[in-house]
Amino acid sequence: MDRETIGTDRVRLRLFRDSDIDNLMAGCNDSLTRRFLPHLSAPYTEADAHWWISEGTTGVWARGGAAYAIADPVTDRLIGGIGVDHVVLARCQGEVGYWVAPWARGRGVATAATRALADRALSQGFARLELLTEQENVASQRVALASGFRREGTRRDAGTRPDGSRHDLLAWSRLATDADTPQARILADLPGGALTDGVVTLRPLTAADGDFVYDLHCLPDVIAASMSTVAPTRADVARRCLLAPARWLAGERADLLILDAASGDPAGEIALYLQESQPGEAMIGYAVAPQWRGYGYPGRATRLLARWVFDHTGIQRLTAGTAPTNLRSQRALEKSGFQREGRERGRLVGSTGRRVDALRYGLLPQDLDLDSR
Ligand SMILES: CC(C)(COP(=O)(O)OP(=O)(O)OC[C@H]1O[C@@H](n2cnc3c(N)ncnc32)[C@H](O)[C@@H]1OP(=O)(O)O)[C@@H](O)C(=O)NCCC(=O)NCCS
């Protein structure tokens, strides 16, 4: 790649210079930068910044990659770094990496820089650019999607930490032949971040919800109504909550907390599960904590979620299954407009390990409309 400055209305990608040292040190000593770029030296000293500007970047360029400073286009102040490294010349392939200083985050800097660099690299001989993100790094995954990178899958244990531990990385790529437009998402963000009917509010699950969700899923009747016969471990639940935003972004599933709208207290959980084998269809499942039962919350939550699904995603059929003995859940589904479609023999595994039947329900957009008249 040539070393020309790349200018857009939001960012200027230029070579690093000695006057960047203070801002480079501040950006690379920030806790979020360190969390997701764990191999930066700790602490990141003036000597480290000097080395990067004089030798580190020279090495990246010499390997056929790129190492740009992201600068504010008006003030020229350093606001981040971006580059292409791990170049495989024979495959015309390289890996994009970036960071943005804390004082410049959340205003499209990373997205503008990544789009600009990818456009340049893909027009100068690169056929394929890769981007690797941690599963928890949702901001970076959003940058990847908005910059036209497509999610390819999970690289198992591809990431390493200074203590020697390993972890999975999500792999994204953009090809020279791909359109330079943002990748479409199956599951949009909720408008304003939540859905409410004034009685219940639904909002995406986060890592902070682990304790509530764990207690909920350890209740014997919740275990009995799930596809599993044993209580989850605290670690399983914590991981599910931690990864929920990435799974939503990937269009795999949407996990939401049901809150009592008046108090804001957590009352239950509802989830939407998508399967590649059933395009245009998704399954829902829910659970409500004992103290919030009897108020019609699962039916309200289901209706709210279904309305959003039908209006804002390509999904036009929802399904749900319940044990034949779970009369409460059947009532909640029917109140939401779901129609009973049949009995699936041996669909669930009961507490004794014996397979038990499930009642199958389905909801189409017109069922919801009919029901709300
Ligand atoms: C990832 C990073 C570069 C993003 O920089 P940025 O300039 O804030 O990014 P942008 O403003 O272009 O976009 C960020 C997106 O993430 C979202 N976002 C920001 N913080 C978030 C968070 N904590 N959780 C979820 N989403 C978040 C923003 O809303 C925005 O999404 P949108 O465009 O769909 O609204 C920055 O957070 C950073 O430097 N992190 C540490 C280093 C790092 O992670 N590098 C990448 C390694 S793969």
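Things worth noting here:
- Measuring max minus min along each principal axis, the C-alpha atoms of segment 247-307 give extents of 37, 19, 19 Å (largest first).
- Pairwise FRET efficiency - residue 352 versus residue 185, Cβ, R0 = 45 Å, nearest 0.05: 0.60
- FRET E, pair residue 364, residue 219, Förster distance 35 Å, beta-carbon r, rounded to 0.05: 0.65
- Placing +1 on the Cβ of every Lys and Arg and -1 on the Cβ of every Asp and Glu, with nothing else charged, gives the chain a dipole about its Cα centre of roughly 1060 debye.
- Hull volume in cubic angstrom per residue (convex hull over the Cα atoms of segment 241-373): 138
- For the peptides 336-345, 176-185, the ranking by packing is 336-345, 176-185, with the highest mean count of neighbouring Cβ atoms within 10 Å listed first.
- Gyration tensor (Cα) of the chain, equivalent ellipsoid semi-axes in angstrom: 47, 21, 20
- Once the gyration tensor of the Cα atoms in segment 108-184 is diagonalised, the equivalent ellipsoid follows with semi-axes of 23, 13, 11 Å, ordered largest first.
- Segment 305-373-segment 153-177 distance, computed between alpha-carbon centres (Å): 37
- Relative contact order (percent, whole number), the chain, Cα cutoff 8 Å, 6+ residue spacing: 10
- Approximate spin-label separation residue 17-residue 281, in nm, with each point projected 7 Å along Cα-to-Cβ: 6.2
- The slack between residue 197 and residue 91, meaning 0.36 nm per residue of separation minus the straight C-alpha distance, is 32.8 nm.
- Per-residue HN-Hα couplings for segment 256-271 [Karplus 6.51, -1.76, 1.60; θ = phi - 60°; Hz; x = Gly/Pro]: 10, 8, 8, 10, 6, 4, 5, 9, x, 6, x, 10, x, 9, 9, 9
- For segment 71-120 versus segment 11-62, the gap between their alpha-carbon centres in whole angstrom: 13
- Extension gain for residue 206-residue 293 works out to 29.0 nm (0.36 nm per residue, less the C-alpha to C-alpha distance).
- FRET efficiency, 1/(1 + (r/R0)^6) with R0 35 Å, evaluated for residue 334 and residue 236 via beta carbons: 0.65
- q = 0.14, 0.18, 0.20 Å⁻¹, segment 186-320: log10 I(q)/I(0) [Debye, one scatterer per Cα]: -0.60, -1.03, -1.29
- Spin-label zone in segment 57-93 - amide nitrogen under 16 Å from a point set 7 Å from the Cα of residue 26 along the C-beta vector: 70-81
- DSSP finds beta bridges in segment 6-175, and of those with both partners inside it, around 90 percent are antiparallel.
- Enclosing the Cα atoms of segment 47-116 in their convex hull gives a volume equal to 97 cubic angstrom per residue.
- Percent of C-alpha pairs per 10 Å bin, segment 6-175, short to long: 10, 39, 41, 10, 0
- Using bins of 5 Å that start at zero, the share of Cα-Cα pairs per bin across segment 197-264 amounts to 3, 17, 21, 23, 22, 11, 2, in whole %.
- The HN-Hα couplings worked out from phi for segment 169-180 by the Karplus form 6.51 cos²θ - 1.76 cosθ + 1.60 (θ = phi - 60°) are 10, 7, 9, 10, 8, 9, 9, 4, 8, 6, 5, 8 Hz, whole numbers, x standing for Gly and Pro.
- Annotation: the antiparallel percentage among DSSP beta bridges lying fully within the chain is about 90.
- From the Kirkwood radius over Cα pairs of segment 126-253, Stokes-Einstein at 25 °C and 0.890 mPa s returns a whole-number translational diffusion coefficient of 145 µm²/s.
- Peptides 46-58, 298-310, 20-32, ordered by how many other C-beta atoms sit within 10 Å of their residues on average, highest first, read 298-310, 20-32, 46-58.
Throughout, read-outs are computed from the coordinates displayed, never taken from laboratory work. These figures come from a predicted structure and were not determined experimentally. So basically every Cβ, Gly included, is an ideal-geometry build from the backbone, and we count neighbours across all protein chains shown.
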